[in-house]
1. How much accessible surface does Leu185 have with a 1.4 Å probe, in Å² rounded to 10?
2. What part of the accessible area of the chain, given as a whole %, is carbon or sulfur when the probe is 1.4 angstrom?
3. Hull surface divided by four, with the convex hull built on the Cα atoms of region 145-202: how many nm²?
4. Given 37 °C and 0.692 mPa s, compute D for region 43-111 with the Stokes-Einstein relation, Rh being the Kirkwood radius over Cα pairs; round to the nearest whole µm²/s.
5. Could you count how many Lys pairs in the chain have their Cα atoms under 29 Å apart, skipping same-chain pairs fewer than 8 positions apart?
6. What figure, in Å² to the nearest 10, do you get for the accessible area of Ser18 with a 1.4 Å probe and non-protein molecules left out?
7. What is the Cα coordinate range of region 1-86 on the first, second and third principal axes, sorted by size from largest, in whole angstrom?
8. Between Trp8 and Asp173, what is the FRET efficiency for a Förster distance of 25 Å, r being their Cβ-Cβ separation, to the nearest 0.05?
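The values are calculated or read from the model by the stated rules, or taken from the named source; none is laboratory data. Here the structure is a predicted model, which means the values were calculated and not measured. Here the Cβ positions follow ideal geometry from the backbone for every residue, glycine too, while neighbour counts run over all protein chains shown. For accessibility, only protein heavy atoms count, side chains too; no ligands or nucleic acids. Shrake-Rupley method; radii C 1.70, N 1.55, O 1.52, S 1.80 Å.
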Amino acid sequence: MDFTTCKWTRQPKHYEISQDRIEIVTNPHTDLWQRTYYHFRNDNAPVLQMETEEKYFSFVVKTEFDESHHRFDQCGIVMYLDSENWLKGCVEYENEEYQNLGSVVTNHGYSDWATMTIDASIKSMWYRFSRREDDYCIECSPDGITFRQMRICHMHNGNGKIQFGIYACSPEDSSFKAVFSHMQLTDCCWEAHNGQQPDENR
């Protein structure tokens, strides 16, 4: 993959892009969140994406975040359609003991957040983002070989042309360098369901 052809939604002050590696230095007080629970709206994180109308594909990327050190420092994969319709998967730093591995899905201006705790010593994570029409799957892996499901979701505005890629941000007064590498576009690795058939076929 050649990310030099991708487009920024909000460009960070400091970054480097090569054909096989991207570094983003986060700006303080940057985030993505809409309304739910906290009752605020944050929409200023830098996002680097490509466009596609392909209905079935998978996108793989390795993230490294050795320098994350402050609450909510985060980086990961993203599909940002507009300020009120997007999803992301990431590791968010919490404290010296643990971090939150999770995903956020935002439909029509409301975000939800699903998480599990992981050890604070983990400083890299692979993600695989897959599309099947307007349904999506986010998976993660510590080694880039064995991926485990984090989230399956439907995006109400996710049918047709979409944008997807990477992001990094620091919601509080912090900054760190996030590194992205081993980026691949492949055939869809999220296989069609082979169990219960859709209602119209029963």
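1. 90 Å²
2. Values: 4460 of 10160 Å².
Answer for the chain is 44 percent, counting heavy atoms of protein chains only.
3. Values: hull surface 30.4 nm².
Orientation-averaged projected area of the Cα hull: 7.6 nm².
4. Details: Rh = 13.6 Å.
Roughly 241 µm²/s, to the nearest whole number.
5. Summing the qualifying lysine pairs gives 21.
6. Using a 1.4 Å probe on the heavy atoms, I get roughly 50 Å².
7. 37, 33, 20
8. Details: r = 23 Å, r/R0 = 0.93.
It comes to 0.60.
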